[in-house]
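This is the structure, below, for whatever I ask next.
The values are calculated or read from the model by the stated rules, or taken from the named source; none is laboratory data. Here the structure is a predicted model, which is why all the values come from computation and not from measurement. A quick note on method: Cβ atoms are made from the backbone with ideal geometry, for glycine too, and the neighbour counts reach across all protein chains shown.
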Amino acid sequence: MTPLRSIVRGVGGYLPARVLSNGELATMVNTSDEWIVQRTGIRQRHVAADDELTSDLAVKAAENALASSGMSASDIDLIVVATSTPDLTFPATATLVQQKLGITRGAAFDIQAVCTGFVYALATADSYLKNGLGTRALVIGAETFSRILDWTDRSTCVLFGDGAGAVVLDAIPEAEAGDRGVLGSSLRSDGVHWDKLYVDGGPSSTQTVGHLRMHGREVFKHAVGMISDVIEDVLDKTGHTTGELDWFVPHQANLRIIDGAGKKLGIPAEKTIITIDSHANTSAASVPLALSIGVADGRIRPNDLVLIEAMGGGFTWGASLLRW
Ligand code: ACO
């Protein structure tokens with residue numbers, strides 16, 4: 001088989017219309033704009049309308065990604081949706097996205113790696129395409145975390161928001177791709193940390209959806225080290241250095257974690273794409289949303305070397321290096 005490379009053809013994002021500011025949240029729980037901004041960098045989040053499901057957000061992001069790629073839904077034969085907030089326990093949200101986009105061929109499935117979901121989904125779709133299990137993929141991160149938050153718990157409800165982001169990957173012969181495309185990925189997990197960030201419900205345990213529970217300080221303690229490990233691994237594997245990066249597009253969980261990782265790795269702030277202020281932590285959607293914003297405002301350009309990373313529940317963590 002001709003060696004293949006997955007290249008990015010398009011990217012798109014979608015945020016629900018309703019904006020919930022820190023000020024408005026301060027009327028719901030005992031918090032303040034100042035506390036939230038200082039500890040996290042978040043200024044507002046978007047919240048899906050009652051009749052808007054994760055698959056609806058995913059479809060809007062996918063349509064935007066397809067439009068930017070110049071392709072249509074009929075070109076797609078693989079859909080991977082990263083989400084922890086599926087429409088239903090089953091079938092996979094990816095199949096609902098497939099149906100809403102009118103796609104009747106290929107394969108569609110979900111990936112569950114919480115905030116690291118998009119990095120896992122990208123690495124999975126890349127492997128599928130390189131091995132001939134599809135030719136063009138929609139890789140989507142989509143979440144409605146507003147549905148699993150305990151809106152009386154100020155230590156968690158201020159941190160998250162709803163949204164979706166998507167990329168279109170196209171498998172082409174390596175010789176044609178040159179040095180463009182997904183250059184490598186590094187994925188990790190360690191279930192020993194499961195109870196530091198989890199949802200206290202599920203079909204097998206409680207037969208309820210449950211609410212997000214988090215030991216914030218514990219997550220914070222591990223985040224920078226874990227992120228740095230996978231970044232160093234993917235750079236090692238691909239023979240690149242942080243000095244060569246055009247853009248660092250981190251998971252948008254907390255500005256202090258992003259700053260800490262950037263400092264540890266020697267990545268300057270002006271090469272880091274920060275969008276957390278406008279949409280908070282949208283879990284699996286945060287990296288593709290940040291990519292779509294970086295491309296839309298002209299910062300990320302063709303041939304740029306782009307590093308993405310994420311860390312989240314499980315714990316899971318991962319990074320990918322792409323030549324745009
Ligand atoms: N408003 C005001 N006060 C608050 C709030 C709030 N929203 N939340 C907590 N506090 C209070 C606490 O009650 C505590 O008060 P006390 O000292 O009287 O007991 C005080 O603030 C300090 O609480 P800490 O939890 O120690 O605050 P910390 O500085 O650790 O900040 C935070 C909390 C922002 C959650 C931080 O731990 C963090 O960012 N952790 C990482 C978590 C994260 O990013 N999770 C996202 C998912 S995982 C991922 O995506 C990587």
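Out of (1) surrounded by 18 or more Cβ atoms within 10 Å (Cβ to Cβ); (2) assigned to a loop (DSSP other than H, G, I, E, B), what's the single condition that is false for Ala62?
If we test Ala62 against (1) surrounded by 18 or more Cβ atoms within 10 Å (Cβ to Cβ); (2) assigned to a loop (DSSP other than H, G, I, E, B), just (2) comes out false.
Also: Limited to the stretch 274-312, what total is found for residues that are outside any strand (DSSP E or B) and farther than 24 Å from Leu20 by Cα? Lay out the reasoning, then the answer.
Narrowing the stretch 274-312 to residues outside any strand (DSSP E or B): 274-280, 282-304.
Subset that is farther than 24 Å from Leu20 by Cα: 295, 298-304.
Selection size over the stretch 274-312: 8.
Continuing with the same structure: What do you reckon, is Leu235 in a strand (DSSP E or B) and either surrounded by 15 or more Cβ atoms within 10 Å (Cβ to Cβ) or free of Cβ contacts under 8 Å to residues at least 40 places away in the same chain (or both)? Explain how you work it out, then say what you get.
Numbers: in a strand (DSSP E or B): no; either surrounded by 15 or more Cβ atoms within 10 Å (Cβ to Cβ) or free of Cβ contacts under 8 Å to residues at least 40 places away in the same chain (or both): yes.
Here the answer is no, as Leu235 does not meet what is asked.
Determine if the stretch 315-323 includes at least one residue that is more than 21 Å from Ala82 (Cα to Cα), not in a loop (DSSP other than H, G, I, E, B) and not aromatic (Phe, Trp, Tyr). Please lay out each step first, then the result.
Of the residues in the stretch 315-323, the ones more than 21 Å from Ala82 (Cα to Cα) are 323.
Subsequent filtering for residues that are not in a loop (DSSP other than H, G, I, E, B) retains 323.
Right, trim to not aromatic (Phe, Trp, Tyr) and you get 323.
Yes, the stretch 315-323 contains at least one residue that is more than 21 Å from Ala82 (Cα to Cα), not in a loop (DSSP other than H, G, I, E, B) and not aromatic (Phe, Trp, Tyr).
Sticking with this one: Would you say Gly313 is without any contact (Cβ under 8 Å) to a residue 24 or more places away in the chain and in contact with a Phe, Trp or Tyr (Cβ under 7 Å, 6 or more places away or on another chain)? Give the derivation first.
On the way: without any contact (Cβ under 8 Å) to a residue 24 or more places away in the chain: no; in contact with a Phe, Trp or Tyr (Cβ under 7 Å, 6 or more places away or on another chain): yes.
Against the criterion (without any contact (Cβ under 8 Å) to a residue 24 or more places away in the chain and in contact with a Phe, Trp or Tyr (Cβ under 7 Å, 6 or more places away or on another chain)), Gly313 does not qualify.
Which of the residues belonging to the stretch 172-196 are aliphatic (A, V, I, L, M) and over 18 Å from Tyr120 (Cα atoms)? Full working, then the answer.
If we filter the stretch 172-196 for residues that are aliphatic (A, V, I, L, M), which is where we start, we get 172, 175, 177, 182-183, 187, 192.
Scanning the stretch 172-196 gives Ile172, Ala175, Ala177, Val192.
Tally up the residues in the stretch 276-316 that are hydroxyl-bearing (Ser, Thr, Tyr) and surrounded by fewer than 23 Cβ atoms within 10 Å (Cβ to Cβ), please.
Counting residues in the stretch 276-316 that are hydroxyl-bearing (Ser, Thr, Tyr) and surrounded by fewer than 23 Cβ atoms within 10 Å (Cβ to Cβ) gives 1.
Given the criterion within 18 Å of Glu309 (Cβ to Cβ), of a type in the set (S, T, N, Q) and in contact (Cβ under 8 Å) with a residue 24 or more places away in the chain, identify the matching residue among Thr124, Thr144, Thr85.
Thr124
When both residues are 6+ apart or on different chains and their Cβ atoms are under 7 Å apart, which pairs have a first residue that lies in the stretch 40-60 and is within 14 Å of Thr85 (Cβ to Cβ), and a second that is among the charged types (D, E, K, R) and in a loop (DSSP other than H, G, I, E, B)?
Leu53/Asp87; Thr54/Asp87; Ser55/Asp87
What residue, of Ala261, Ala223, Ala253, is assigned to a loop (DSSP other than H, G, I, E, B), in contact (Cβ under 8 Å) with a residue 12 or more places away in the chain and surrounded by 19 or more Cβ atoms within 10 Å (Cβ to Cβ)?
Values: Ala261 fails: assigned to a loop (DSSP other than H, G, I, E, B); Ala223 fails: assigned to a loop (DSSP other than H, G, I, E, B).
Checking each option against the conditions leaves just Ala253.
Does at least one position in the stretch 29-44 carry a residue that is more than 25 Å from Arg136 (Cα to Cα), assigned by TED's automatic domain parsing to the domain that holds Gly102 and either in contact with a Cys (Cβ under 8 Å, 6 or more places away or on another chain) or at pLDDT below 95 (or both)?
The answer is yes, given that some residue of the stretch 29-44 is more than 25 Å from Arg136 (Cα to Cα), assigned by TED's automatic domain parsing to the domain that holds Gly102 and either in contact with a Cys (Cβ under 8 Å, 6 or more places away or on another chain) or at pLDDT below 95 (or both).
Which members of the stretch 26-39 meet the condition of being surrounded by 14 or more Cβ atoms within 10 Å (Cβ to Cβ), more than 8 Å from the ligand (Cβ to nearest atom) and assigned to a helix (DSSP H, G or I)?
Selection gives Asp33, Val37.
I've got another one for you. Could you go through the stretch 40-51 and let me know if any residue there is within 16 Å of the ligand (Cβ to nearest atom) and among the aliphatic types (A, V, I, L, M). Even if it seems obvious, please write down each step before you answer.
Looking only at the stretch 40-51, we keep the residues that are within 16 Å of the ligand (Cβ to nearest atom), and these are 40-45.
Pick out the ones that are also among the aliphatic types (A, V, I, L, M) and you get 42.
Checked against the condition, which is being within 16 Å of the ligand (Cβ to nearest atom) and among the aliphatic types (A, V, I, L, M), the stretch 40-51 yields at least one hit.
Okay, residues lined up against (1) among the acidic types (Asp, Glu); (2) assigned to a loop (DSSP other than H, G, I, E, B); (3) modelled with pLDDT under 95; (4) buried (at least 24 other Cβ atoms within 10 Å of the Cβ):
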site	(1), (2), (3), (4)
Leu96	no, no, no, no
Phe109	no, no, no, no
Thr124	no, no, no, no
Gly134	no, yes, no, no
Leu138	no, no, no, yes
Glu143	yes, no, no, yes
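Across the stretch 149-174, which residue is surrounded by the fewest Cβ atoms within 10 Å (Cβ to Cβ) among those that are more than 12 Å from the ligand (Cβ to nearest atom) and among the β-branched types (Val, Ile, Thr)?
Per the criteria, the residue is Ile172.
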